[in-house]
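Single-structure report; data block below.
The values are calculated or read from the model by the stated rules, or taken from the named source; none is laboratory data. Just so we're clear, the structure is a prediction, and the values are computed from it rather than from any experiment. All Cβ positions, glycine included, derive from the backbone under ideal geometry; neighbour counts span all protein chains shown. Ligands, DNA and RNA are stripped out before the accessible areas are found, and what is left, the full protein with its side chains, is counted by its heavy atoms. Shrake-Rupley method; radii C 1.70, N 1.55, O 1.52, S 1.80 Å.
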Amino acid sequence: MSSCFCKSEAQKVKLDDKYLNLEDPNHPANLICELCRLFYDNNWVTGTGGGISIRDVKGANPNVVYIAPSGIQKERLQPWEMFVVDRRNEQLLRTPNECPEELTKKYKYKPSACTPLFMSCYTLRDAGACIHTHSQNAVMTTLLYEDKVEFSMSHIEQIKALPRLAINPETKVVEKVGSMDYHDTLVIPIIENTPYEEDLTDSLQEAIKNYPGTTAVLVRRHGIYVWGEDVWKAKVYNEALDYLLELAVKMKLAGIPLVRGTSE
Ligand SMILES: CSC[C@@H](O)[C@@H](O)C(=O)COP(=O)(O)O
Ligand SMILES: [Zn+2]
């Protein structure tokens, strides 16, 4: 498995583009490609499902958001294929459709159908990156909790990898105030799936507002959205959650309660 970012095609064509930097492996457009390959190998973004968006938190303009195109095999993405959007007004700053035809092969790219959901995490939670996976652990959890609107779990060491979030009483903004403890109960809201991804936006926003302590939302029979302060935090939270959801499925099937001391 390669961990380098794809630059070959764009290099051959010689792109002069202020929203790309093929030499910097930490540039959001390159990281999206690298992480999608990693996620693909975990079965999280296969068959074009799922994806990741990154906000350029360390760049000159931290409102710049990178979004992959829709319906593309995520493990084959290239940096030049990214859309760039301004978080404040959702104005499109860059489209891959303006790249030379040698690259686009006349294919008309559309931004990911997850764009309004990613933007919700940026605006409501000031996220630095947002990951969407079709992880079977996430889907299976929502099936085992078919009649529930939230998932709970406690007393598992890996919970400590997740952030402790709280509303700042002055700014009213949700902030990270530390990490969760072993004794804490992890609670993740579950929203119902809709035929079109963008139609999930209202219920995702509602869940984000109703659960200030969460850094993820499960989507029934579909997958999960996970966000973090920056791309690396989002990656860690997604990995920790997927581990916990895999364990939860096994525990549930073995009849072991997920919240210690209860029958749940
Ligand atoms: C396999 S189709 C999946 C899509 O409908 C959607 O759920 C998804 O995760 C990815 O959407 P995309 O527009 O390709 O970024
Ligand atoms: Zn999806």
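Details
- Test for I159: is it within 16 Å of the chain's Cα centre (by Cα) and either modelled with pLDDT of 95 or more or within 16 Å of ligand 2 (Cβ to nearest atom) (or both): no
- Comparison of E197, E175 shows that the only residue that is within 20 Å of A234 (Cβ to Cβ), without any contact (Cβ under 8 Å) to a residue 40 or more places away in the chain and surrounded by 15 or more Cβ atoms within 10 Å (Cβ to Cβ) is E175.
- Residues satisfying the stated conditions in region 178-194, i.e. open to solvent by less than 40 Å² (accessible area, probe 1.4 Å) and not polar (S, T, N, Q): G178, M180, D184, L186, I188, P189, I190, I191
- Looking across region 149-172, the residues that are among the charged types (D, E, K, R) and either in contact with a helix residue (DSSP H, G or I) (Cβ under 9 Å, 6 or more places away or on another chain) or part of a strand (DSSP E or B) (or both) come down to E150, K160, R164.
- Residues in region 27-66 that are part of a loop (DSSP other than H, G, I, E, B) and either among the small types (G, A, S) or under 26 Å from E102 (Cα atoms) (or both): 5 in all.
- Selection status of W44, more than 16 Å from ligand 1 (Cβ to nearest atom), within 26 Å of T123 (Cα to Cα), open to solvent by less than 50 Å² (accessible area, probe 1.4 Å) and at pLDDT 95 or above: no
- Candidates are the residues of region 47-99 that are open to solvent by 30 Å² or more (accessible area, probe 1.4 Å) and of a type in the set (A, V, I, L, M); the one that is nearest to ligand 2 (Cβ to nearest atom) is L92.
- Scanning region 100-138 for residues that are open to solvent by 20 Å² or more (accessible area, probe 1.4 Å) and free of Cβ contacts under 8 Å to residues at least 40 places away in the same chain yields E101, K105, K106, Y107, K108, T123.
- Restricting attention to region 202-254 and to residues that are open to solvent by 50 Å² or more (accessible area, probe 1.4 Å) and either among the polar types (S, T, N, Q) or in contact with an Asp or Glu (Cβ under 7 Å, 6 or more places away or on another chain) (or both), the residue that is nearest to I159 (Cα to Cα) turns out to be N210.
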